Amino acid sequence: MDMTEAMLAKIKASMAHAMEGAFYRKHFHGIHPEDIQTRADFQKLPFTEKEDLREAYPLGLLAVGEAEIVRIHSSSGTTGTPVIIPYTQKDVDDWAVMFARCYKTAGVTPLDRVHITPGYGLWTAGIGFQRGAELLGALAIPMGPGNTDKQIKMMIDLQSTVLCATSSYALLLAEEIEKRGLRDRIALKKSLIGSERWGEKMRARIAAELGVELYDIYGLTEIYGPGIGISCKHACGMHLWTDYLYYEIINPKTGAVQTEGETGELVITTLQKEGAPLIRYRTHDLTRELFGPCPCGREFPRIDTLIGRSDDMVKVKGTIIYPSQVDEVLAAIKEVSSEYQIIIDHLNGRDILNLLFETALHDKAAIKTLEKTVEGAFKERIGLTPHAKAVGMGELPRSEKKSTRIFDNRY
Ligand code: ZN
């Protein structure tokens, strides 16, 4: 995004504050905020990586005195040491303000009943959805994840109007509601879906089976949590709340800033965060900048729907595969569901790409033909032929958190 004089001043102030803490004093060793006079100077600053934050475990990110910290959250430590993010009262309040703004952007009002299925606890999701709903004045129903029977019962008894979920859990609920023939008894109108990458096919199924408008909500624990941006009813990318953050899109390989709307990795600098400010933090989320005014009239700039994570791109036999390409291939084939898994193995010196997908077909010959069709379409769109294998509907895992679809067993 552009850097106005006013924005540069905000960035310098945030950087000066960050350097009151030990983490950035070390990270920016030898650099002074006053050295940053132009956008080009800023772009020379080193990035902050998740690995850097891990090394600061447990509380090394603190940029204020401990007395000012009121809460911590932790990002899911699927690999190794987790990251702990400390929040001041202003940080948790700012997050709620941003989240309430997300709900408003999605057209949620104080009369709505907001059914919250993301998890509570160290993870930032549940409590973010809840505080934003409360600040807006809506009725929060703090379900948390799991127990599908109870979710559906509460959804019917309380006539929930807004569902907050990951795409994968929204799909699971949609399938159950459809299977049990309860569609007429639910009152959902909108669904706010956490911003993992999810394909058009899945989107269409959730929207149709639940009868809802869908909104993509963006965020990550390191930068407050979900709620730092959302799509509006025009569904053309996501508005980001740039009074709280500055963003750049970089080439994930070279680190160069993309200015022409090329796809790249989103990098965020916080402008108001006190507990753990972050400067040039690499999100590893792949997107691109969208230019021009949004038909909704909001002036907050937009990024496109996420197409994956830079660490999810895999290279097999010299070909780069983005998960979004696999979504596109499968979306074009009628008999295939939106769910798939890619498993890459290394056998006898060769990489093997296995693609598991779901289908409702039962006839063995028809399944064989479908597998060949999928292999052909994959080859045509992506450039190499997988071993495609069909499984029954619902056999691949749906998760309450973000689902992993690519398993690379080569290393
Ligand atoms: Zn808009």
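The values are calculated or read from the model by the stated rules, or taken from the named source; none is laboratory data. Everything numeric here is computed off the predicted structure, so don't read it as measured data. Here the Cβ is made from the backbone with ideal geometry for all residues, glycine too, and neighbour counts use every protein chain on show. Note: areas computed on protein heavy atoms with side chains; ligands, DNA, RNA excluded. Shrake-Rupley method; radii C 1.70, N 1.55, O 1.52, S 1.80 Å.
For ILE320, state whether it is more than 30 Å from ILE116 (Cα to Cα), outside any loop (DSSP other than H, G, I, E, B) and open to solvent by 50 Å² or more (accessible area, probe 1.4 Å). Quick ask: steps written out before the conclusion?
Working: more than 30 Å from ILE116 (Cα to Cα): yes; outside any loop (DSSP other than H, G, I, E, B): yes; open to solvent by 50 Å² or more (accessible area, probe 1.4 Å): yes.
Spelling it out, ILE320 is indeed more than 30 Å from ILE116 (Cα to Cα), outside any loop (DSSP other than H, G, I, E, B) and open to solvent by 50 Å² or more (accessible area, probe 1.4 Å).
So ILE342 clears everything in (1) away from the ligand (no atom under 16 Å from the Cβ); (2) assigned by TED's automatic domain parsing to the domain that holds GLY219; (3) of a type in the set (Val, Ile, Thr) except one condition, right? Which one?
It is condition (2) that ILE342 fails.
Looking only at the range 145-173, count how many residues are more than 20 Å from the chain's Cα centre (by Cα) and among the aliphatic types (A, V, I, L, M).
Residues that pass the stated criteria total 5.
Among the residues of the range 265-282, is there at least one that is open to solvent by 10 Å² or more (accessible area, probe 1.4 Å) and under 23 Å from GLY199 (Cα atoms)?
The answer is no, given that none of the residues of the range 265-282 is open to solvent by 10 Å² or more (accessible area, probe 1.4 Å) and under 23 Å from GLY199 (Cα atoms).
Can you find a residue in the range 185-196 that is aliphatic (A, V, I, L, M), assigned to a strand (DSSP E or B), within 16 Å of the ligand (Cβ to nearest atom) and within 21 Å of ARG298 (Cβ to Cβ)?
Within the range 185-196, one or more residues are aliphatic (A, V, I, L, M), assigned to a strand (DSSP E or B), within 16 Å of the ligand (Cβ to nearest atom) and within 21 Å of ARG298 (Cβ to Cβ).
Conditions tested, residue by residue: (1) among the hydrophobic types (A, V, I, L, M, F, W, C); (2) in contact (Cβ under 8 Å) with a residue 60 or more places away in the chain; (3) more than 20 Å from ALA106 (Cα to Cα); (4) not assigned by TED's automatic domain parsing to the domain that holds ASP327.
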residue	(1), (2), (3), (4)
ASP149	no, no, yes, yes
MET155	yes, no, no, yes
LEU158	yes, no, yes, yes
GLY194	no, yes, no, yes
LYS201	no, yes, yes, yes
ARG205	no, yes, no, yes
GLU222	no, yes, yes, yes
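Of all residues in the range 374-411, how many are at pLDDT below 85, under 15 Å from LEU356 (Cα atoms) and not polar (S, T, N, Q)?
So the answer is 5.
Under 6 Å by Cβ, and 6 or more places apart or on different chains, what pairs join a residue from the range 226-252 that is open to solvent by 10 Å² or more (accessible area, probe 1.4 Å) and more than 9 Å from the ligand (Cβ to nearest atom) with one that is in a strand (DSSP E or B) and of a type in the set (Asp, Glu)?
Note: pairs meeting the criteria are PRO252/GLU265.
Which count do you get for residues in the range 261-311 that are within 16 Å of the ligand (Cβ to nearest atom) and not β-branched (Val, Ile, Thr)?
Adding up the residues that qualify gives 15.
Just checking, does the range 206-224 include any residue being within 14 Å of the ligand (Cβ to nearest atom) and open to solvent by 20 Å² or more (accessible area, probe 1.4 Å)?
Yes: the range 206-224 contains one or more residues that are within 14 Å of the ligand (Cβ to nearest atom) and open to solvent by 20 Å² or more (accessible area, probe 1.4 Å).
Consider the range 268-299. How many of its residues are in a loop (DSSP other than H, G, I, E, B) and touching a helix residue (DSSP H, G or I) at 6+ places or on another chain (Cβ under 9 Å)?
Initial filter on the range 268-299 (in a loop (DSSP other than H, G, I, E, B)): 271-280, 288, 291-299.
Within this subset, residues satisfying the condition of being touching a helix residue (DSSP H, G or I) at 6+ places or on another chain (Cβ under 9 Å) are 271-280, 296, 298.
Residues meeting the conditions: 12.
Taking VAL326 as the residue in question, decide whether it is within 15 Å of TRP198 (Cα to Cα), open to solvent by less than 60 Å² (accessible area, probe 1.4 Å) and not aromatic (Phe, Trp, Tyr).
Spelling it out, VAL326 is indeed within 15 Å of TRP198 (Cα to Cα), open to solvent by less than 60 Å² (accessible area, probe 1.4 Å) and not aromatic (Phe, Trp, Tyr).
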